[in-house]
């Protein structure tokens, strides 16, 4: 007969589960009301502070809110991926810690918080400590230019797309640093693989971004969304449905490159647990190890969000628009990433690089020329 859970554990789960579920519902309500909340805060700041200080305070609040949001998302996404993986494999996944395991991520976080922080003998201690910070900075800093709705952006840079392509490179530098500093051959292999992967897949990523930039005439993410303000229909419809299917091919290539940039299956060769123990983070434990997980899920959300902005209109929906539309578009693309992870086998290193250099780069170059020609002929 199966053992019953202790009464205390059951009482804690029964008490906390409704709170977590209610918190998730409240989170969606806040996202839906975000434009009104932002406008109210903006009005209060401008009435209470001089214009310069009001702008500084608004940016500070925006940064704080974004960091809080992106730090909380992995708690949900880790649980969500475990449930997706379980159902793909015809099982249930986490079920014991809370209703359908909703408290499992919190339990894992508490466990990691109390784990011993070990630095290997012979490691470069300074680089070993810096690497997780660089990785998480690269994932979080990119959200500064991601718009959630009209005016809901920390910094509307006119080179927002270029900024994202540049700042996300910090993650791969951090992974390479982690592998080098660990004084471990498996970690070093993982770091070097990440460097090779970054150099390769940033080229088709940048070329696909240029495919959209040619059609918009701007590197600003706000301008990209404004060019798709018609939704699914009309002249200014989503880019996914324009250019006679060329943009659809560009979207698929961008999504593939996003999987490679975030080290997700079938491109997770930097960690490759069947070959390299755990790859670049083999020697990490405790919260430093957790930072790599936070960065990975933050990068997943970033890639899905940028794909939604470039090809699916961002917050512009087919029937109504707003931050909630952008949230669910991004969540759907994150689900596709998880689905692919538990469906496809891992590529070998030579296959991964051959896919990029032999196929993706020539295809994206041809796409770029074709879209440029069609744009010039249309104008």
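The values are calculated or read from the model by the stated rules, or taken from the named source; none is laboratory data. Quick caveat, the model's predicted, so the values are computed rather than measured. All Cβ positions, glycine included, derive from the backbone under ideal geometry; neighbour counts span all protein chains shown.
Tell me, which residue of the stretch 79-118 that is touching a helix residue (DSSP H, G or I) at 6+ places or on another chain (Cβ under 6 Å) and free of Cβ contacts under 8 Å to residues at least 24 places away in the same chain is nearest to residue 290 (Cα to Cα)?
Going through the qualifying residues, I end up with 94.
So that you can scan it fast, the table gives a plain yes or no per residue for (1) touching a helix residue (DSSP H, G or I) at 6+ places or on another chain (Cβ under 7 Å); (2) within 24 Å of residue 370 (Cα to Cα); (3) surrounded by fewer than 18 Cβ atoms within 10 Å (Cβ to Cβ):
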| site | (1), (2), (3) |
| --- | --- |
| 240 | yes, yes, no |
| 260 | yes, no, no |
| 264 | yes, no, no |
| 327 | yes, no, no |
| 345 | no, no, yes |
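Name every residue in the stretch 4-35 that is at pLDDT below 75, farther than 15 Å from residue 103 by Cβ and in a helix (DSSP H, G or I), in order of residue number.
7, the sole residue that qualifies.
Kindly establish whether residue 334 is within 25 Å of residue 222 (Cα to Cα) and in contact with a helix residue (DSSP H, G or I) (Cβ under 6 Å, 6 or more places away or on another chain). I'd like the intermediate steps shown before the answer.
Numbers: within 25 Å of residue 222 (Cα to Cα): yes; in contact with a helix residue (DSSP H, G or I) (Cβ under 6 Å, 6 or more places away or on another chain): yes.
Answer is yes for this residue.
Restricting attention to the stretch 213-239, which residues are under 20 Å from the mean Cα position of the chain (by Cα) and part of a helix (DSSP H, G or I)?
Listed by number, the residues that qualify are 221, 222, 224, 225.
Identify the residue in the stretch 125-140 that is surrounded by 19 or more Cβ atoms within 10 Å (Cβ to Cβ) and within 30 Å of residue 224 (Cβ to Cβ) and, among all such residues, is nearest to the chain's Cα centre (by Cα).
139
Anything in the stretch 97-114 that is surrounded by 14 or more Cβ atoms within 10 Å (Cβ to Cβ) and in a loop (DSSP other than H, G, I, E, B)? List them, or say none.
Residues satisfying the conditions are 97, 98, 102, 103.
If a residue must be buried (at least 16 other Cβ atoms within 10 Å of the Cβ) and out of contact with any helix residue (DSSP H, G or I) (no Cβ under 7 Å at 6 or more places or on another chain), how many such residues does the stretch 242-255 contain?
Going through the stretch 242-255 one residue at a time, the tally reaches 1.
Identify, from the list 311, 291, 320, the residue that is over 22 Å from residue 209 (Cβ atoms) and in contact (Cβ under 8 Å) with a residue 12 or more places away in the chain. Can you show your working first?
Details: 311 fails: over 22 Å from residue 209 (Cβ atoms); 320 fails: in contact (Cβ under 8 Å) with a residue 12 or more places away in the chain.
After applying the criteria, what remains is 291.
I'd like to check something: does the stretch 57-65 contain any residue that is farther than 23 Å from residue 322 by Cα, in a helix (DSSP H, G or I), over 17 Å from the mean Cα position of the chain (by Cα) and modelled with pLDDT of 85 or more? Before the answer, list the steps.
Narrowing the stretch 57-65 to residues farther than 23 Å from residue 322 by Cα: 57.
Then drop every residue that is not in a helix (DSSP H, G or I), which leaves 57.
Narrowing further to those that are over 17 Å from the mean Cα position of the chain (by Cα): 57.
So of that shortlist, the ones also modelled with pLDDT of 85 or more come out as 57.
Yes - at least one qualifying residue is present in the stretch 57-65.
Quick one: count up the residues across the stretch 177-219 that are without any contact (Cβ under 8 Å) to a residue 24 or more places away in the chain and in contact with a helix residue (DSSP H, G or I) (Cβ under 6 Å, 6 or more places away or on another chain).
Of the residues in the stretch 177-219, 3 are without any contact (Cβ under 8 Å) to a residue 24 or more places away in the chain and in contact with a helix residue (DSSP H, G or I) (Cβ under 6 Å, 6 or more places away or on another chain).
Can you confirm whether the stretch 293-313 contains a residue that is within 25 Å of residue 27 (Cα to Cα), touching a strand residue (DSSP E or B) at 6+ places or on another chain (Cβ under 9 Å) and not in a helix (DSSP H, G or I)?
Scanning the stretch 293-313 turns up at least one residue that is within 25 Å of residue 27 (Cα to Cα), touching a strand residue (DSSP E or B) at 6+ places or on another chain (Cβ under 9 Å) and not in a helix (DSSP H, G or I).
Looking at the stretch 350-379, which of its residues are closer than 30 Å to residue 78 by Cβ and surrounded by 16 or more Cβ atoms within 10 Å (Cβ to Cβ)?
352, 353, 355, 356, 360
May I ask you to list the residues in the stretch 165-186 that are within 19 Å of the chain's Cα centre (by Cα) and over 16 Å from residue 295 (Cβ atoms)? Working first, answer last.
To start, the set of residues in the stretch 165-186 that are within 19 Å of the chain's Cα centre (by Cα) comprises 165-175.
Within the stretch 165-186, 165, 166 meet the criteria.
Looking at 131, 141, 166 in this structure, which one is at pLDDT 85 or above, in a helix (DSSP H, G or I) and out of contact with any helix residue (DSSP H, G or I) (no Cβ under 8 Å at 6 or more places or on another chain)? First the steps, then the outcome.
Numbers: 131 fails: out of contact with any helix residue (DSSP H, G or I) (no Cβ under 8 Å at 6 or more places or on another chain); 141 fails: out of contact with any helix residue (DSSP H, G or I) (no Cβ under 8 Å at 6 or more places or on another chain).
After ruling out the rest, the residue left standing is 166.
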